[in-house]
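Report on the following structure.
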Amino acid sequence: MSLIEVDDLWKTYEMGQEKVHALQGITLAIEKGEYVAIMGPSGSGKSTLMNLIGCLDTPSQGTYKLNDTPVADRNDDELARIRNKEIGFVFQTFNLLPRATALHNVELPLIYNGTSGEDRRRKAIQAMEIVGLADRMLHKPNELSGGQRQRVAIARALVNNPSIVLADEPTGNLDSTTGKEIMGLLAELNRQGNTLIVVTHEYNIAKMAERIIYLRDGKIEKEELRSAVPS
């Protein structure tokens, strides 16, 4: 049983009288602990596929199983619970609350799932330590560099111990040196057992993964297995 199983997945949008097929029959499986990159040009369907894997949207046709559980027929509340428990998100734009401290930003998923205050703080501090920001916990986002903000976002993604870390263009707003540091941190998390899926349009980011899935026009164009993954 794979962690993620997608079979003949379609996503169709109605644009007036026209139908736009953002995904056209995607079939793939991702194993627990894998490091996979989803790559493709703008309009290839990679963001749509990320939204479906992340339970931010539901398919028009086909099946998606996460941990052997079909998600297509779940209601919004059930999808929210799956997202909170199973998936940690890292976005290009960080998506941090500007007036909250770094620590409070990391606590947010635990607030949503009802974790008690003491446990919440302990887990958030532990996540901040993992990403190397134990000395920045009480700083607000505007007091942090771009790389530090992304580390806060990664800590927030990790705090619930999710099955999957889903990173959407995680280095898009960072300089190349900081981007390498962030990708090194994500790779280390993968080595520690987290399943990592990175959505990117940059090959130098994608090539760090064990497997690259190339999308074009809503379909899988090809896959590349990489035997030697850089540290």
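Values quoted throughout were computed directly from the atomic coordinates according to the rules given, and no laboratory measurement underlies them. What you are looking at is a predicted structure, and each value in this text was computed from that prediction instead of being measured. Note that we place each Cβ from the backbone using ideal geometry, even for glycine, and neighbour counts take in every protein chain shown.
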(request) List every residue whose amide H lies under 5 Å from the amide H of residue 216, counting only residues 5 or more places away in sequence or on a different chain, with H placed 1.01 Å from N in the peptide plane. (result) 221
(request) Rounded to the nearest 0.05, what FRET efficiency do residue 100 and residue 173 give with R0 = 30 Å and r taken as the Cβ-Cβ distance? Could you check? (result) 0.95
(request) Would you be so kind as to identify which of 215, 93, 69 lies farthest towards the positive end of the dipole of the chain, taking Lys and Arg as +1 and Asp and Glu as -1 on Cβ and the Cα centre as origin? (result) 93
(request) List the residues whose amide H sits under 5 Å from the amide H of residue 88, counting only those 5 or more places along or on another chain, with H placed 1.01 Å from N in the peptide plane. (result) 164, 165, 166
(message) Only bridges whose two residues both fall in the chain count here: according to DSSP, what percent of them are antiparallel, nearest 5?
(response) 55
(request) Could you work out the relative contact order of the chain, using alpha carbon pairs under 8 angstrom and six or more residues apart, expressed as a whole percent? (result) 28
(message) What is the angle, in °, between the Cα long axis of helix 176-191 and the longest principal axis of the Cα atoms in the chain? Nearest 10 is fine, range 0 to 90.
(response) 80
(request) For the range 212-221, just list the computed ³J(HN,Hα) in residue order, Karplus coefficients 6.51, -1.76 and 1.60, θ = phi - 60°, integers in Hz, with x standing in for Gly and Pro. (result) 10, 9, 9, 9, 8, 6, x, 10, 6, 7
(message) I'm spelling it out carefully: the read-out is Rg and Dmax of the Cα atoms in Å, the candidates are (i) 17.6, 55; (ii) 16.5, 47; (iii) 18.0, 61, and one was derived from this structure. Which label?
(response) (i)
(request) Rounded to whole Hz and in sequence order, give me ³J(HN,Hα) for the range 196-204 from the Karplus expression 6.51 cos²θ - 1.76 cosθ + 1.60, θ = phi - 60°, writing x for Gly and Pro. (result) 10, 10, 10, 9, 7, 10, 9, 5, 5
(request) Only helical DSSP H runs with n ≥ 4 go in: add -39500 (n - 2.57) per run for the chain, normalise by residue count and round the 222 nm mean residue ellipticity to 500 deg cm²/dmol. (result) -10000 deg cm²/dmol
(request) Report, by chain and number, residues whose modeled amide H sits under 5 Å from the one on residue 23, excluding near sequence neighbours (fewer than 5 apart, same chain). (result) 11
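Efficiency by 1/(1 + (r/R0)^6): what FRET value for residue 161 and residue 13, r their Cβ-Cβ distance, R0 = 30 Å, to the nearest 0.05?
Working from the Cβ atoms, E equals 0.30.
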(request) Give me the number: length gained by fully extending residue 85 to residue 111, i.e. 0.36 nm times residue separation minus the C-alpha to C-alpha distance, one decimal in nm. (result) 8.1 nm
(message) Nearest 5 percent is fine: what portion of the DSSP beta bridges confined to the range 148-224 is antiparallel?
(response) 50
(message) Give me a comma-separated list of calculated 3J(HN,Hα) values for the range 97-113, in order, Karplus coefficients 6.51, -1.76, 1.60 applied at θ = phi - 60°, integers in Hz, x for any Gly or Pro.
(response) 6, x, 8, 9, 5, 4, 4, 5, 4, 5, 5, 3, x, 6, 5, 5, 9
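Order of 204-215, 67-78, 149-160 by packing, highest average Cβ count within 10 Å first?
149-160, 204-215, 67-78
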(request) Would you mind calculating the relative contact order of the range 137-213 from Cα pairs under 8 angstrom and at least 6 residues apart, reporting the percent as a whole number? (result) 31
(request) Treat each spin label as a single point 7 Å out from the Cα along the C-beta direction, and report the residue 72 to residue 180 distance in nm. (result) 4.4
(request) Quick one: how many lysine pairs does the chain have with C-alpha atoms less than 24 Å apart and a gap of 8 or more or different chains? Give me the count, please. (result) 29
(request) For the range 1-102, just run the numbers: alpha carbon Rg, then divide by 2.2 N^0.38 Å, N being how many residues it has. (result) 1.17
(request) Would you compute, for the Cα atoms of the range 68-187, the largest minus smallest coordinate along each principal axis and list the three values in descending order, in whole Å? (result) 42, 32, 23
